[in-house]
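Novice: I'd like to ask some things about the structure below.
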Amino acid sequence: MVTLEELKDNCRQILKEGKVKYIIGYKRKNGQYMTVPAFLDRIEEVDHLVWDPSCIYNLVRYLRDEKMRKEKEKEPDTRPVGVIVKGCDSRAVNILIQENYITRDDVYIIGVSCEKSGIVDEKKLTKKFAGKDIRKLDFAGNGKIQVTCGTKNSVVPAEEILADRCIECTIPTPIVFDVLFGEKTDREVPDPFKTIKELESFDTTRKWEFWKEEMDKCIRCYACRSVCPMCYCDECVADSISLAVKPDTTAEEKAHKIRWVEKSPVISENFNYHLIRAMHLAGRCVDCGECDRVCPVDIPLRYLNRKMEKESLDHFGYTAGMEPEKPTLVSCFREDDPEEFIL
Amino acid sequence: MKMEEKFEPKIVAFLCKWCSSAGSDLAGVSRLKYPPNVVPITVMCSGSVSPNYIFSAFKKGADGVLVSGCHPGDCHYMKGNYYARRRITLVKELLDFIGIEPQRFHMSWVSAAEGAKFTEIISDFVKELEPLGPQNKLRSNL
Ligand code: SF4
Ligand code: SF4
Ligand code: FES
């Protein structure tokens, strides 16, 4: 199990030595049991550091802001940034390195293993403990989570309140790290793609009905894109800024601007946005579940990305973020890649 | 009385300049008969076909989309069709997953000498699309 005190000591140590610029971690906000991201640059702040089953955020997302900040500074502090990562998050770091977005020296990776547990789904938690005054969550070891309500502690099997993605996760231990807390754990998951297979078993009409209903709801707030550590492009094909029409844009210029996706949240454009999004995340999504979690209208975005994950594995034996020194999924091929579908 | 109009599916075909487009030309100059339902779009290589092209074609009202390139090993740019094969595999799976009839999207290898193969692919494609009727799922509703 991860010992929080050891984790804190390490953080204090690296801050003291000036090894890192600051540390991105988790803390609790005035008495709430769910954590929030925290940026720790002073040793005293480490006292507030938390690691528990409420650490849902994929903090790797903030490396993008760090990069942008650094690019603007005249004499940037080039020391690495410390970041606390779970298994999935660590693969996101690997992808950023693989794609040359950052270098390994830009980060000091503090890995924490989820072992046989993971991160809670707040909806499942509040349902199970409806009406109770939840105060605190703790890992209780051996696939159990301790929930403190008022003054009473109850220990429940993790899978009762875990996020779906954690239940399906086979890589709970960080793949890349400078220091690791907790045990490297192999996890037996009977069928990691069970939900996807179920959706695949629907007939065409039912599949369409399912997705149409979901896509109808999208309000194109782009929260899914903003939260994703993999969506780091300066300009997105979904709302291209350089194609903005200004008062002096001529008709000819307008005609030459290709807009792949219109901004209006109508069904065809929503589908277009999400199809492109799924393609752009194929071989890159680490199933950190953040997009799914933040969607204000509860669209199961994970399923699209997870489907791509399944196909990458089935057809090409590729899992995102495992080998940063190798080419990415779609920037390479094998001569014997399957092609039964080709006429 | 108005005659029931026969549904004529529209196929958008992205054909690489060096093989498949030449193959379709050969079909033409050899006077091979094939249904006039194709809108051919010549691209430099099957590897240059972005998924955006495909989704866009469906959005603009294609009933079926075909991506066609040189046979493996024959790509003018050596590897373009291998990259395309990976990408298109994913597109195909994705479209199927969201409930687009799999008959609406195909990929093929057609060389410059295979005019006959091209006509056959198109004829079969049209036959597959006819019973499905117009593709309205991804069609723009703006
Ligand atoms: S899917 Fe959800 S989070 Fe993403 S743009 Fe639509 S409403 Fe926003
Ligand atoms: S697509 Fe969603 S689950 Fe995948 S890496 Fe991005 S935020 Fe995480
Ligand atoms: S040139 Fe024909 S597939 Fe590349």
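Novice: How about the stretch A:311-327: which of its residues are within 29 Å of B:Lys117 (Cβ to Cβ) and either within 8 Å of chain B (Cβ to nearest Cβ) or buried (at least 16 other Cβ atoms within 10 Å of the Cβ) (or both)?
Specialist: A:Glu311, A:His315, A:Phe316
Novice: Against the conditions (1) away from ligand 3 (no atom under 14 Å from the Cβ); (2) assigned to a strand (DSSP E or B); (3) not aromatic (Phe, Trp, Tyr), where does B:Pro9 fall short? Just the number, please.
Specialist: Going through (1) away from ligand 3 (no atom under 14 Å from the Cβ); (2) assigned to a strand (DSSP E or B); (3) not aromatic (Phe, Trp, Tyr) one by one, B:Pro9 breaks only (2).
Novice: Residues A:Lys254, A:Lys263: which one is at pLDDT below 95, open to solvent by 20 Å² or more (accessible area, probe 1.4 Å) and away from ligand 1 (no atom under 16 Å from the Cβ)?
Specialist: After ruling out the rest, the residue left standing is A:Lys254.
Novice: Condition check: at the interface with chain B (Cβ under 10 Å from one of its Cβ atoms) and surrounded by 14 or more Cβ atoms within 10 Å (Cβ to Cβ). Does A:Ala282 satisfy that?
Specialist: Against the criterion (at the interface with chain B (Cβ under 10 Å from one of its Cβ atoms) and surrounded by 14 or more Cβ atoms within 10 Å (Cβ to Cβ)), A:Ala282 qualifies.
Novice: Hey, any hits in the stretch A:295-310 for a residue that's touching a residue at least 40 places away in the same chain (Cβ under 8 Å), more than 15 Å from ligand 1 (Cβ to nearest atom), of a type in the set (Lys, Arg) and away from every other protein chain (no Cβ under 14 Å)?
Specialist: Scanning the stretch A:295-310, I find no residue that is touching a residue at least 40 places away in the same chain (Cβ under 8 Å), more than 15 Å from ligand 1 (Cβ to nearest atom), of a type in the set (Lys, Arg) and away from every other protein chain (no Cβ under 14 Å), so the answer is no.
Novice: Checking A:Gly141 against (1) farther than 29 Å from A:Glu323 by Cα; (2) within 14 Å of chain B (Cβ to nearest Cβ), only one condition comes out false. Which one?
Specialist: Looking at each condition in turn, A:Gly141 falls short on (2).
Novice: Moving on to the next point. Mind listing just one residue for me: the one in the stretch B:56-74 that is within 16 Å of B:Ala22 (Cα to Cα) and surrounded by 22 or more Cβ atoms within 10 Å (Cβ to Cβ) and, of those, nearest to ligand 2 (Cβ to nearest atom)?
Specialist: B:Val67
Novice: While we're looking at this one, here's another question. Could you tell me how many of the residues in the stretch B:33-55 are away from ligand 3 (no atom under 16 Å from the Cβ), assigned to a loop (DSSP other than H, G, I, E, B) and in contact with a strand residue (DSSP E or B) (Cβ under 7 Å, 6 or more places away or on another chain)?
Specialist: 1
Novice: Does B:Ser30 count as among the polar types (S, T, N, Q) and within 16 Å of ligand 3 (Cβ to nearest atom)?
Specialist: It is false that B:Ser30 is among the polar types (S, T, N, Q) and within 16 Å of ligand 3 (Cβ to nearest atom).
Novice: Hey, another quick one. Is it the case that A:Tyr273 is in a helix (DSSP H, G or I) and over 28 Å from A:Pro172 (Cα atoms)?
Specialist: yes
Novice: Let me ask something else. Could you please give the count of residues in the stretch A:224-251 that are surrounded by fewer than 17 Cβ atoms within 10 Å (Cβ to Cβ) and not in a loop (DSSP other than H, G, I, E, B)?
Specialist: Matching residues across the stretch A:224-251 total 3.
Novice: Can you find, within the stretch A:328-343, the residue that is most open to solvent (accessible area, probe 1.4 Å) among those that are in contact (Cβ under 8 Å) with a residue 12 or more places away in the chain and within 19 Å of A:Asn94 (Cβ to Cβ)?
Specialist: The extreme case among them is A:Val330.
Novice: Separate question: Right, A:Thr151: among the β-branched types (Val, Ile, Thr), within 23 Å of A:Val294 (Cα to Cα) and modelled with pLDDT under 95 or not?
Specialist: It is false that A:Thr151 is among the β-branched types (Val, Ile, Thr), within 23 Å of A:Val294 (Cα to Cα) and modelled with pLDDT under 95.
Novice: Of these, A:Val36, A:Val46, which one is more than 27 Å from A:Thr170 (Cα to Cα) and at pLDDT 95 or above?
Specialist: Every option except A:Val46 fails the conditions.
Novice: If you scan the stretch B:63-95, which residues turn out to be more than 8 Å from chain A (Cβ to nearest Cβ) and of a type in the set (D, E, K, R)?
Specialist: Residues satisfying the conditions are B:Asp63, B:Asp74.
The values are calculated or read from the model by the stated rules, or taken from the named source; none is laboratory data. Note that the coordinates shown come from a computational prediction; the quantities given were computed from them, not determined experimentally. Don't worry about glycine lacking a Cβ; one is built from the backbone with ideal geometry, like all the others, and counts go over all protein chains shown. Accessible surface is based on the protein model in full, side chains and every heavy atom, while ligands, DNA and RNA are left aside. Shrake-Rupley method; radii C 1.70, N 1.55, O 1.52, S 1.80 Å.
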